């Protein structure tokens, strides 16, 4: 198989692991390691069960409690002004209020602590720190390998930095930010229509055996020479390689039928640049339709959508003040009990959420809809943005996860840890997880009100 081509003092970022596979030379680059530094029905026609999918949704800058939180708890909750746009989707949506992020004395890092804790189960100690994988990544490790894309990420904000999906601080998933680019990535040349009568695998995609098997001996030698943190990083790197190979190999097999798959034929080339709310909403709606159809076409089982980021947000056409700036500068209207302009922006965010849910609910699948076989977890970064509060950050779920969740319920969390929602959803996806989170965010309790 060959021997290692370097000695410990000569490690270089440009070094490769080389070996033989099937008589051909293979080369695998080494990732950046610390040692380089100086420190429906219910089933398809063939009897296979309909897949259950998992998604996340993020909007920025919270809510106005007075006009957001329903007075009624339980089923058939009322719709205050800020969520009046949910009229046609309320039956699909669980609203979860009065759940907290418990910091255990760690600083509340504005626009950061709240969403990281709800996504990962752990309160970060410093800005930029993602201490544990986000919930979508954990779910993806269980269900994501059976589709062409382990996960699909999109940001209607139009900025590639706007990702709320991560394995670690060093492994943040990059979103698609353009409807046209998203269309090309999903439904471009490598897309295989699952309902096409004929199937011919691409001759350019023929991964039959892992390239990693060709560098096994050298890899073992390398593992003996590096520290624990590099072990973890190298394992993560090898895992990513193998996952890519497995996804490519799926492209050599005829995809399972997807009766609800209707391949989009065109994407409106309207303006896609800008952070004014009208442009963001157009981009969001186009990407929502593409995401829903990508899921219906079995291109992925895990997906993430960002409406607007947590520290900049959108602008109102004709104004240069961002939503974020307005949350701090606008005074509270004493008669209304909230900030009117901030409310205008949040109305648009809730309209976007309603559109997103409807995109999945409008696609028939089996005896129900695509949304019935999906669960989408939505959250913001804080509750009242003016003071960066992480108490009572609003969360929602949409969809029944294949029939294991109830919908249309308002749950009062009574000040308990918001990780109860994430744990409940992981269980709904079939994960054998008895508890989740760290410190005061650690919980073994489920949101029983929404479980069938």
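Within region 354-366, work out how many residues are modelled with pLDDT of 95 or more and either assigned to a loop (DSSP other than H, G, I, E, B) or out of contact with any strand residue (DSSP E or B) (no Cβ under 9 Å at 6 or more places or on another chain) (or both). Even if it seems obvious, please write down each step before you answer.
Here is the first cut: in region 354-366, the ones modelled with pLDDT of 95 or more are 354-361.
Those still in the list that are either assigned to a loop (DSSP other than H, G, I, E, B) or out of contact with any strand residue (DSSP E or B) (no Cβ under 9 Å at 6 or more places or on another chain) (or both) too: 355, 358-359.
Residues flagged as modelled with pLDDT of 95 or more and either assigned to a loop (DSSP other than H, G, I, E, B) or out of contact with any strand residue (DSSP E or B) (no Cβ under 9 Å at 6 or more places or on another chain) (or both) within region 354-366 amount to 3.
Can you tell which of 157, 85, 165, 120 is touching a helix residue (DSSP H, G or I) at 6+ places or on another chain (Cβ under 6 Å) and more than 30 Å from residue 257 (Cα to Cα)?
It is 85.
Going through region 300-320 one residue at a time, which ones are in a loop (DSSP other than H, G, I, E, B), touching a helix residue (DSSP H, G or I) at 6+ places or on another chain (Cβ under 7 Å) and modelled with pLDDT of 90 or more? I'd like the intermediate steps shown before the answer.
Of region 300-320, the ones in a loop (DSSP other than H, G, I, E, B) are 301, 307-314, 316-320.
Next, from what is left, pick out any that are touching a helix residue (DSSP H, G or I) at 6+ places or on another chain (Cβ under 7 Å): 301, 307-308, 310-314, 316-317.
Within region 300-320, 301, 307, 308, 314, 316 qualify.
Check whether at least one residue in region 367-376 is within 26 Å of the chain's Cα centre (by Cα), more than 19 Å from residue 303 (Cα to Cα) and either not assigned by TED's automatic domain parsing to the domain that holds residue 295 or not in a helix (DSSP H, G or I) (or both), and report yes or no.
Just the residues of region 367-376 that are within 26 Å of the chain's Cα centre (by Cα), to begin with: 368-376.
With more than 19 Å from residue 303 (Cα to Cα) added as a condition, the list becomes 368.
Narrowing the set further to residues that are either not assigned by TED's automatic domain parsing to the domain that holds residue 295 or not in a helix (DSSP H, G or I) (or both) leaves 368.
Yes, region 367-376 has at least one match.
Which of the residues spanning region 339-353 are touching a strand residue (DSSP E or B) at 6+ places or on another chain (Cβ under 8 Å) and either within 15 Å of residue 88 (Cα to Cα) or not assigned by TED's automatic domain parsing to the domain that holds residue 57 (or both)? I'd like the intermediate steps shown before the answer.
First, pick out the residues of region 339-353 that are touching a strand residue (DSSP E or B) at 6+ places or on another chain (Cβ under 8 Å): 339-340, 353.
Scanning region 339-353 gives a single hit, 353.
The conditions are (1) at positive phi; (2) crowded, with 18+ Cβ neighbours inside 10 Å; (3) in contact with a helix residue (DSSP H, G or I) (Cβ under 6 Å, 6 or more places away or on another chain), and residue 408 fails exactly one of them. Which is it?
(2)
Which one of 346, 336 is at pLDDT 95 or above and part of a helix (DSSP H, G or I)? Steps first, please.
Working: 336 fails: part of a helix (DSSP H, G or I).
Of the residues listed, the single one that is at pLDDT 95 or above and part of a helix (DSSP H, G or I) is 346.
In this structure, is residue 386 under 19 Å from residue 324 (Cα atoms) and in the same structural domain as residue 312 (by TED's automatic domain parsing)?
Working: under 19 Å from residue 324 (Cα atoms): yes; in the same structural domain as residue 312 (by TED's automatic domain parsing): yes.
So residue 386 passes the test.
Test of understanding: among 386, 414, which residue is farther than 18 Å from residue 139 by Cβ, surrounded by fewer than 23 Cβ atoms within 10 Å (Cβ to Cβ) and out of contact with any helix residue (DSSP H, G or I) (no Cβ under 6 Å at 6 or more places or on another chain)? Reasoning before the result, please.
Values: 386 fails: out of contact with any helix residue (DSSP H, G or I) (no Cβ under 6 Å at 6 or more places or on another chain).
The conditions single out 414.
If you take the residues of region 44-78 that are more than 21 Å from residue 377 (Cα to Cα) and either out of contact with any strand residue (DSSP E or B) (no Cβ under 9 Å at 6 or more places or on another chain) or exposed (fewer than 12 other Cβ atoms within 10 Å of the Cβ) (or both), which of them is modelled with the lowest pLDDT?
Checking each candidate, the answer is 45.
To keep it simple, each residue is scored yes or no on (1) part of a loop (DSSP other than H, G, I, E, B); (2) modelled with pLDDT under 75.
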| residue | (1), (2) |
| --- | --- |
| 201 | yes, yes |
| 215 | no, yes |
| 219 | no, no |
| 244 | no, yes |
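Just give me the residues in region 389-401 being touching a strand residue (DSSP E or B) at 6+ places or on another chain (Cβ under 8 Å) and either outside the structural domain of residue 94 (by TED's automatic domain parsing) or more than 19 Å from residue 74 (Cα to Cα) (or both), in sequence order.
Residues of region 389-401 that are touching a strand residue (DSSP E or B) at 6+ places or on another chain (Cβ under 8 Å), as a first pass: 390-401.
Once the filter is applied, which keeps residues that are touching a strand residue (DSSP E or B) at 6+ places or on another chain (Cβ under 8 Å) and either outside the structural domain of residue 94 (by TED's automatic domain parsing) or more than 19 Å from residue 74 (Cα to Cα) (or both), region 389-401 yields 390, 391, 401.
Go through region 309-320 and report how many residues are closer than 20 Å to residue 156 by Cβ and surrounded by fewer than 17 Cβ atoms within 10 Å (Cβ to Cβ).
At the first step, the residues of region 309-320 found to be closer than 20 Å to residue 156 by Cβ are 309-317, 319.
The next check asks that each one be surrounded by fewer than 17 Cβ atoms within 10 Å (Cβ to Cβ); those that pass are 311, 317, 319.
Residues meeting the conditions: 3.
Looking at region 133-149, which of its residues are assigned to a loop (DSSP other than H, G, I, E, B) and either surrounded by fewer than 21 Cβ atoms within 10 Å (Cβ to Cβ) or modelled with pLDDT under 95 (or both)?
Step one: filter region 133-149 for residues assigned to a loop (DSSP other than H, G, I, E, B), giving 133-134, 147-148.
Hits for region 133-149 are 133, 147, 148.
So, of the residues in region 417-436 that are part of a loop (DSSP other than H, G, I, E, B) and touching a strand residue (DSSP E or B) at 6+ places or on another chain (Cβ under 7 Å), which turns out to be surrounded by the fewest Cβ atoms within 10 Å (Cβ to Cβ)?
In the first step, residues of region 417-436 are kept if they are part of a loop (DSSP other than H, G, I, E, B); the result is 418, 429-435.
Narrowing further to those that are touching a strand residue (DSSP E or B) at 6+ places or on another chain (Cβ under 7 Å): 418, 429, 435.
Working: 418: 27, 429: 21, 435: 11.
Ranking the qualifying residues of region 417-436, first place goes to 435.
The values are calculated or read from the model by the stated rules, or taken from the named source; none is laboratory data. Since this is a predicted model, take the numbers as computed values, not measurements. Reconstructed Cβ throughout: ideal geometry from the backbone, glycine too, with neighbour counts over all protein chains shown.
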